[in-house]
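Enquirer: I'd like to ask some things about the structure below.
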Amino acid sequence: MRRRNFIQGIAASVTWPLAARAQSPAPRTYRIGFLGSSAPPPELLAAVRSGLRERGYVEGSTLALEVRWTDGSFDALPALANELAQSRVDLILAWATPA
């Protein structure tokens with residue numbers, strides 16, 4: 001009986017690390033920064049959200065959107081771009097020509 005318990009203990013100690021490694025990690029949250037000289041049109045944000053959702057990215061779970069705009073001040077765009085870069089977004093999407 002002790003031999004059987006010993007073999008079961010060895011088998012458990014070998015297979016436990018394999019089972020622990022097989023667990024999938026938590027999904028990564030991708031962050032997208034939006035930058036513009038004016039507020040983005042609601043249709044633009046809706047289209048981006050819809051397209052990303054079709055590809056499996058869900059806002060609040062695997063996706064975060066960071067939206068920044070300057071209310072028409074083109075001189076403030078570099079500071080906002082720097083802010084987004086410093087916040088380590090994965091992508092900066094700029095709309096409108098000055099951005």
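What follows is calculated from the coordinates using simple rules that are stated; it is not laboratory data. Predicted, not measured: the structure shown is a model, and the values here were computed from it. Ideal geometry is used to build each Cβ from the backbone, glycine not excepted, and the neighbour counts take in all protein chains shown.
Enquirer: Of all the residues that make up segment 44-85, how many are charged (D, E, K, R) and at positive phi?
Expert: Total meeting the criteria: 1.
Yes or no, residue by residue, for (1) under 20 Å from the mean Cα position of the chain (by Cα); (2) farther than 18 Å from ALA99 by Cβ; (3) free of Cβ contacts under 8 Å to residues at least 60 places away in the same chain:
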{"position": "GLU43", "(1), (2), (3)": "no, no, yes"}
{"position": "LEU52", "(1), (2), (3)": "yes, yes, yes"}
{"position": "VAL58", "(1), (2), (3)": "yes, yes, yes"}
{"position": "THR62", "(1), (2), (3)": "yes, yes, yes"}
{"position": "GLU66", "(1), (2), (3)": "yes, no, yes"}
{"position": "GLY72", "(1), (2), (3)": "no, no, yes"}
{"position": "ASP75", "(1), (2), (3)": "no, no, yes"}
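Enquirer: Another question about this same structure. Does PRO25 satisfy the criteria of being assigned to a helix (DSSP H, G or I) and surrounded by fewer than 12 Cβ atoms within 10 Å (Cβ to Cβ)?
Expert: Considered against the rule, which asks whether it is assigned to a helix (DSSP H, G or I) and surrounded by fewer than 12 Cβ atoms within 10 Å (Cβ to Cβ), PRO25 comes out as no.
Enquirer: While we're looking at this one, here's another question. Quick one: how many residues across segment 71-99 are assigned to a helix (DSSP H, G or I) and of a type outside the set (A, V, I, L, M, F, W, C)?
Expert: Number satisfying all stated conditions: 5.
Enquirer: Still on this structure: Those residues that are of a type in the set (Lys, Arg) and assigned to a loop (DSSP other than H, G, I, E, B), I need them from segment 37-70; list them, please.
Expert: Answer for segment 37-70, where residues must be of a type in the set (Lys, Arg) and assigned to a loop (DSSP other than H, G, I, E, B): just ARG55.
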